[in-house]
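**Student:** Would you mind keeping the following structure in view while I ask a few things?
Please treat every number below as a calculation from the coordinates, not as lab data. Computed from a predicted model, the values in this text were never measured in an experiment. Note that each Cβ is placed from the backbone with ideal geometry, even for glycine, and that neighbours are counted across all protein chains shown.
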Amino acid sequence: MTTRPPPIDKETRKRFRGYSGARPDVMRLISAPPRRVLDVGCGAGMTAALITEKYPGAVVIGIEPDIALANLARARMSAVIDGRVDDPSVQAQLKQDGSFDLIICADVLEHLAEPAEVLMRMTAMLTEGGHLITSIPNIRHVSTFVSLGLLGTWPARSRGIHDRTHLRFFARGDILALGRSAGLRLVRERRNLRLIEAAAWSTIPARLFDFWPFRAFLTFQYLHLWARMRDGDDHPA
């Protein structure tokens with residue numbers, strides 16, 4: 001019988017806020033039992049715990065730049081690489097780890113100076129028939145227009161769409177172009193909704209307006225399931 005890792009205490013959860021939590025929304029995009037998983041920006045390993053619980057044979061390797069979170073993740077993952085995915089030493093270590101049939105980049109790419117380059121490297125590490133999942137905040141959300149149009153200032157927050165540590169910003173069209181540039185084709189799309197960016201409860205009222213022309217402005221995050229381009233697909237520019 002597999003021993004469950006110890007739960008993360010409330011104080012630690014509060015310290016890391018959303019970065020220590022599991023991502024059931026990501027889990028809903030997994031279309032087949034994975035064997036080898038790479039979780040980029042794995043946080044405290046809570047999503048990895050969901051994966052191994054549902055798919056007991058899966059080997060999950062994580063990458064995490066925050067040492068405290070990486071130490072928490074080690075209780076839930078097969079291995080954790082300390083560092084950023086765009087660090088050459090981390091990339092060299094990944095080459096030694098071989099290929100993966102599932103790679104997760106959940107709210108990571110917007111923190112990178114060159115997300116297209118990193119995503120292309122991730123695509124090259126996919127097995128034949130493998131999948132890659134991205135979760136990226138939507139800068140077209142209504143909160144951006146409220147801050148710029150009504151308040152006359154760029155919103156800068158500790159987390160969310162306008163996280164101060166974000167280096168890149170994406171609307172849906174930018175995300176699709178990013179995937180194509182990395183040699184990926186879109187398989188499935190999901191969206192997380194919020195009427196108010198900082199209020200998770202506002203998902204419920206946002207659903208009432210989840211139709212054109214409001215849909216793009218109420219989408220908080222876009223989640224995409226990708227696969228490698230096949231012969232005959234549109235190739236990246």
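**Student:** From the helices alone, meaning DSSP H stretches of at least four residues, give me the mean residue ellipticity at 222 nm for the chain, per-run term -39500 (n - 2.57), in deg cm²/dmol to the nearest 500.
**Tutor:** The helix contribution divided over the chain gives -7500 deg cm²/dmol.
**Student:** Further question on the same structure: With both partners inside the chain, how many of the DSSP beta bridges are antiparallel, as a percent to the nearest 5?
**Tutor:** On the way: 16 of 36 bridges.
Once the DSSP bridges in the chain are tallied, antiparallel ones form about 45 percent.
**Student:** Mind checking which of PRO205, ALA44, SER89 is farthest towards the positive end of the range 10-228's charge dipole, using Cβ charges of +1 (Lys, Arg) and -1 (Asp, Glu) about the Cα centre?
**Tutor:** Going by the charge dipole, the pick is PRO205.
**Student:** For LEU126, what is the net charge nearby, where nearby means another residue's Cβ is under 9 Å from its Cβ and Lys, Arg count +1, Asp, Glu -1? Display every interim value, and only then the final one.
**Tutor:** Working: positive: ARG228; negative: ASP101, GLU128.
Result for the local shell: -1.
**Student:** Under a 5 Å amide H to amide H cut-off, with H placed in plane at 1.01 Å, what residues pair with GLY62 once short-range neighbours are removed?
**Tutor:** Here the answer is ASP39, ALA79, VAL80, ILE81, since their amide H atoms fall under 5 Å of that of GLY62.
**Student:** Moving to a separate point now. Let me have the relative contact order for the chain, percent, based on Cα pairs under 8 Å that are six or more residues apart.
**Tutor:** 17
**Student:** If each of VAL187 and ASP97 carries a label point 7 Å out from its Cα toward its Cβ, how far apart are those two points in nm?
**Tutor:** Roughly 1.9 nm, to one decimal.
**Student:** Dividing the alpha-carbon radius of gyration of the range 61-189 by 2.2 N^0.38 Å (N being the number of residues), what value is obtained? Working shown, then result.
**Tutor:** On the way: Rg = 16.2 Å, N = 129, 2.2 N^0.38 = 13.9 Å.
My calculation over the Cα atoms of the range 61-189 gives 1.16.
**Student:** For the range 15-119, what ratio Rg/Rh do Cα atoms give with a Kirkwood hydrodynamic radius?
**Tutor:** Working: Rg = 12.7 Å, Rh = 13.7 Å.
Rounded to two decimals, Rg/Rh equals 0.93.
**Student:** Let me ask you something else. Relative to the present Cα-Cα distance, how much length would full extension add between SER31 and MET120 at 0.36 nm per residue of separation? Write out the running numbers ahead of the final one.
**Tutor:** Details: separation 89, 0.36 × 89 = 32.04 nm, distance 2.16 nm.
In short, 29.9 nm is gained.
**Student:** Would you please state the base-10 log of I(q)/I(0) at q = 0.08 1/Å for the chain, with intensities from the Debye formula using one equal scatterer on every alpha carbon?
**Tutor:** The Cα Debye sum returns log10 ratios of -0.30.
**Student:** If you don't mind, another one. What percent do you get for the relative contact order of the range 165-220 when only Cα pairs under 8 Å and 6+ apart count? Working shown, then result.
**Tutor:** On the way: 35 pairs, mean separation 14.9, N = 56.
Computed over the range 165-220, the figure is 27 percent.
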